[in-house]
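Let me begin by presenting the structure, written as structure tokens, before commenting on it.
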Amino acid sequence: MTHKPSNDNDNASNPSATISDLVNLDPIGMRLLQTPGASSSYLSIARSPSLRIASPTPASKKLLILDLNGTLLLRPKPRMVKSRPILPRPYMPSFRKFLFHEDVIGWLDVMVWSSAQPHSVDQMVDKCFGETRSQMKAVWARDTLGLGKVNYCACCGHSELNS
């Protein structure tokens, strides 16, 4: 099975793209399906078409909580560079298009959280989500985590936020 890598923006900017078009953009995902150690039963299930929820209800709606830094984007450590550029992952445009596709928003709500300070989170969310930010259920930053002043002001990673 071969898969021709496509430009991520080909379908990401196409308003008539279907969910299948968006999912099929990912050549890495296709390589995962070709991993030598995968069992034939797993590959059979992985290749089967997705099931569509006929009529999503509020009770069946799911909430997807996404982490920003290191997951959806990269920011170099402050000591490595003078300014911290925000580098979205390569397939962020098609992922964003999928998340807010009309067939998806009926059954999926999206929010992001980060241990970064609010001004940094705003910049990261704007860079990754742009205009679709208004469709998110919530954006949580360090100010929403219930931290004391010492931890809030500390320059730390997620593993250190345990007080």
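The values are calculated or read from the model by the stated rules, or taken from the named source; none is laboratory data. Predicted model only: the values in this text are computed from it and were never measured. Note that we place each Cβ from the backbone using ideal geometry, even for glycine, and neighbour counts take in every protein chain shown.
Within the stretch 106-118, the set of residues being at pLDDT 90 or above and either more than 16 Å from I65 (Cβ to Cβ) or exposed (fewer than 14 other Cβ atoms within 10 Å of the Cβ) (or both) comprises M111, P118.
Here A46 passes the criteria (1) among the hydrophobic types (A, V, I, L, M, F, W, C); (2) in contact (Cβ under 8 Å) with a residue 24 or more places away in the chain; (3) part of a helix (DSSP H, G or I) except the one numbered (2). Among the residues making up the stretch 63-92, those that are under 18 Å from R133 (Cα atoms) and more than 11 Å from the chain's Cα centre (by Cα) are L63, I86, L87.
Within the stretch 53-92, the set of residues being of a type in the set (K, R) and surrounded by fewer than 10 Cβ atoms within 10 Å (Cβ to Cβ) comprises K77, R79, K82. Output the number of residues of the stretch 79-108 satisfying the condition of being touching a residue at least 60 places away in the same chain (Cβ under 8 Å) and either assigned to a loop (DSSP other than H, G, I, E, B) or among the small types (G, A, S) (or both). Residues that pass the stated criteria total 6. For the stretch 119-152, the candidate set comprises residues that are closer than 19 Å to M92 by Cα and of a type in the set (K, R); within that set, the residue that is surrounded by the most Cβ atoms within 10 Å (Cβ to Cβ) is K127.
Rundown of residues vs (1) over 18 Å from L63 (Cα atoms); (2) of a type in the set (S, T, N, Q); (3) touching a Phe, Trp or Tyr at 6+ places or on another chain (Cβ under 8 Å); (4) part of a helix (DSSP H, G or I), yes/no style:
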residue	(1), (2), (3), (4)
V110	no, no, yes, no
A116	yes, no, no, no
S120	yes, yes, no, yes
D126	yes, no, no, yes
E131	yes, no, no, yes
